[in-house]
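The values are calculated or read from the model by the stated rules, or taken from the named source; none is laboratory data. As the structure is a computational prediction, the values presented were derived from the model and not from experiment. A quick note on method: Cβ atoms are made from the backbone with ideal geometry, for glycine too, and the neighbour counts reach across all protein chains shown.
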Amino acid sequence: MSQPALHVDVYQTISPEALAGLNNGKVAVVTGAARGIGKAIAISIAKTGANVALLDLDAERQADTKAECEKVGVKAFAYACDVTNHDVSKQVYAQIQRDLGDVHIVVNNAGGNSRRPAHMETWEQFWRGVEINVKGALIWSLLVLPDFRARRAGSIINIASRAGTVTMPFAAAYSTGKAGLIRFSACLQAELDQDGFGDDIHVYALHPGAVKTSMTIPIADDVAKEYPGMAEKWGNFHKLFRCVPEVCGQTCAFLSTGRGKALHGKYFDCEQDIGTVVAAGREGLEGLYDLKVEFLGGLPNDGGTVSSSALEKA
Ligand SMILES: NC(=O)c1ccc[n+]([C@@H]2O[C@H](COP(=O)([O-])OP(=O)(O)OC[C@H]3O[C@@H](n4cnc5c(N)ncnc54)[C@H](O)[C@@H]3O)[C@@H](O)[C@H]2O)c1
C-alpha cells in the first residue's frame, strides 16, 4: 500500500467542522493544558462540545486556554495539578467530578525534555525526566479506569513521542518515559480487550508531530559547550519542525469521538492521514503502529517463550 498523505496543517477528516457536537455533554481532562500542544488539544476537544478540565502546574497560567475553550460555548475549569503526584491527582479528579460530572476522555499530554546527556544530569534530574513523561499518564489512566470500566465507556489518549521509538543521544530519560508510555497504552488496551471492553474503552499513544513549542528550545549552554557539533545538528533538525499544534489537537478530538477505533491500543503519528489509516481497519493494521523488535532469521517474539516455540517447530 502507498504511504498515507502527511500533514502539517489541519485537514478535512479532523477539522473542527467535521467533529462539531460529537462530544456534546461529555467531560474531557487535558493535562499540560497551559501552552503548546496541550492548549491546542483542550481547544480542539472543546470544539467537539465536551466540557474540559484543564490541568497544569498552576491554574493561573491556564487562563488563556480556559478563555479560548469558553469562547466555543463549553464549561472549562482550570486546576493546579502536578500530574506526577498521586495524592494531588486523586483530589483533583474528585474535584473535577464535583465541578463537571463524570469524566469520559483523558488526554495525558504533560511532558518535557531536558535534552541533556545522562551523564550531565543528577539522578534526581534524570528520574524527573522519566517520570514527567510516563508517571503522570499512568496515574491518570489508572485513576479513571475503574469508572470507565463501570460505565463501559471512555477514551485515554497518551501523548508519547517518536523519541519512544527511535534511538538517539540526549534523550535517554525522555525516550525511556515515552517508550514506556507507548507499551503501557498497548498493554492496557489488551487487558480491556480481554475483558470485553475493547469496543467501548479505547487507549491510544500518539506522536504529536514535530511542533515548535517551549519544549523544543535549543539545547542548554553548558551542553552546547561540551558538544558543539550536536548543538548545530539540533539547530538544523529543529528547522524541520513544521507541524502546527492543532494537528495533534484535532487528532485527539477525532480519536475522542470514537471514530478512530481501528487504531485502539496503537501508536500513531499525527502527521499521517488518519482517515487513510483508520480505513485500513484492524486487520489491515495488524502488526503495524506498534513497538517491536526484529530478529535475524525472523525468530518469533511471542512474549518470552521464543526458544521453546522455535524448538517445538524444529
Ligand atoms: N513539541 C514537539 O515537537 C513534541 C514532539 C514529540 C512529543 N511531544 C510531547 O507533546 C507534549 C506537549 O509538549 P509541548 O511541546 O507542548 O511542550 P510544552 O513544554 O510547551 O508544554 C508542556 C506543558 O506541560 C506542563 N507540565 C509539565 N510537567 C507537568 C506536570 N508534572 N504536571 C502538570 N503539567 C505539567 C508544562 O507546564 C507545560 O504547560 C509532551 O508530552 C511532549 O513530550 C512534543
Problem set entry | Single unsatisfied condition, Thr165 versus (1) surrounded by fewer than 20 Cβ atoms within 10 Å (Cβ to Cβ); (2) farther than 18 Å from Ser256 by Cβ; (3) out of contact with any Leu (no Cβ under 9 Å at 6 or more places or on another chain) | (3)
Problem set entry | Counted residues, the range 129-153 - those being closer than 20 Å to Gln95 by Cα, touching a Leu at 6+ places or on another chain (Cβ under 7 Å) and of a type in the set (A, V, I, L, M, F, W, C) | 1
Exercise. Within the range 172-180, is there a residue that is out of contact with any Asp or Glu (no Cβ under 6 Å at 6 or more places or on another chain) and not in a helix (DSSP H, G or I)?
Worked result: no
For this session: Could you tell me which numbered condition Asn158 fails, if it satisfies all but one of (1) within 14 Å of the ligand (Cβ to nearest atom); (2) farther than 23 Å from Gly265 by Cβ?
Result: (2)
Problem set entry | Candidate set from the range 18-45 (those that are more than 12 Å from the ligand (Cβ to nearest atom) and under 18 Å from Val244 (Cα atoms)); member that is surrounded by the fewest Cβ atoms within 10 Å (Cβ to Cβ) | Ile43
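For every residue, the table says whether it meets (1) closer than 29 Å to Met230 by Cα; (2) within 14 Å of the ligand (Cβ to nearest atom); (3) without any contact (Cβ under 8 Å) to a residue 12 or more places away in the chain; (4) loosely packed, with under 15 Cβ neighbours inside 10 Å.
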{"site": "Gly111", "(1), (2), (3), (4)": "yes, yes, no, no"}
{"site": "Pro117", "(1), (2), (3), (4)": "yes, no, no, no"}
{"site": "Phe126", "(1), (2), (3), (4)": "yes, no, no, no"}
{"site": "Ile139", "(1), (2), (3), (4)": "no, yes, no, no"}
{"site": "Pro146", "(1), (2), (3), (4)": "no, no, yes, yes"}
{"site": "Arg149", "(1), (2), (3), (4)": "no, no, no, no"}
{"site": "Arg152", "(1), (2), (3), (4)": "no, no, no, yes"}
Problem set entry | Condition broken by Asp195, with the remaining ones in (1) within 28 Å of Ala34 (Cα to Cα); (2) modelled with pLDDT of 95 or more satisfied | (1)
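Hey, among Lys75, Lys71, which residue is closer than 26 Å to Lys212 by Cβ and either among the acidic types (Asp, Glu) or more than 18 Å from the chain's Cα centre (by Cα) (or both)?
After applying the criteria, what remains is Lys71.
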Problem set entry | Of all residues in the range 11-47 being part of a loop (DSSP other than H, G, I, E, B) and among the basic types (Lys, Arg), the one that is nearest to Leu142 (Cα to Cα) | Lys26
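Check Val107, Val92, Val52 and return the single one that is under 16 Å from Ala137 (Cβ atoms), within 16 Å of the ligand (Cβ to nearest atom) and outside any helix (DSSP H, G or I).
Working: Val92 fails: outside any helix (DSSP H, G or I); Val52 fails: under 16 Å from Ala137 (Cβ atoms).
Just a single option satisfies the conditions, and that option is Val107.
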Exercise. Within the set of pairs 6+ apart or on separate chains, which have a first residue in the range 10-39 that is free of Cβ contacts under 8 Å to residues at least 60 places away in the same chain, a second that is part of a loop (DSSP other than H, G, I, E, B) and of a type in the set (S, T, N, Q), and C-beta atoms under 9 Å apart?
Worked result: Ala20/Thr48; Gly21/Thr48; Asn24/Thr48
For this session: Answer with yes or no whether Arg115 is farther than 30 Å from Arg149 by Cα, at pLDDT below 95 and not hydroxyl-bearing (Ser, Thr, Tyr).
Result: yes
Problem set entry | Near pairs, Cβ below 7 angstrom, 6+ apart or cross-chain, from the range 54-66 (closer than 14 Å to Val88 by Cα) to any residue that is in a loop (DSSP other than H, G, I, E, B) | Leu55/Ala33; Leu55/Cys81; Leu55/Val83; Asp56/Gly32; Asp56/Ala33; Asp56/Ala34; Leu57/Asp82
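Condition check ((1) more than 11 Å from the ligand (Cβ to nearest atom); (2) over 21 Å from Arg282 (Cα atoms); (3) small (Gly, Ala, Ser); (4) in contact with a strand residue (DSSP E or B) (Cβ under 8 Å, 6 or more places away or on another chain)) across all residues:
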{"site": "Met168", "(1), (2), (3), (4)": "yes, yes, no, no"}
{"site": "Ala173", "(1), (2), (3), (4)": "yes, yes, yes, no"}
{"site": "Gly177", "(1), (2), (3), (4)": "no, yes, yes, no"}
{"site": "Gln189", "(1), (2), (3), (4)": "yes, no, no, yes"}
Problem set entry | Residues within the range 55-87 that are among the hydroxyl-bearing types (Ser, Thr, Tyr) and either within 24 Å of Leu22 (Cα to Cα) or away from the ligand (no atom under 11 Å from the Cβ) (or both), tallied | 1
Exercise. So which of Ala40, Ala76, Ala5, Ala46 ends up being hydrophobic (A, V, I, L, M, F, W, C) and out of contact with any Cys (no Cβ under 9 Å at 6 or more places or on another chain)?
Worked result: Ala5
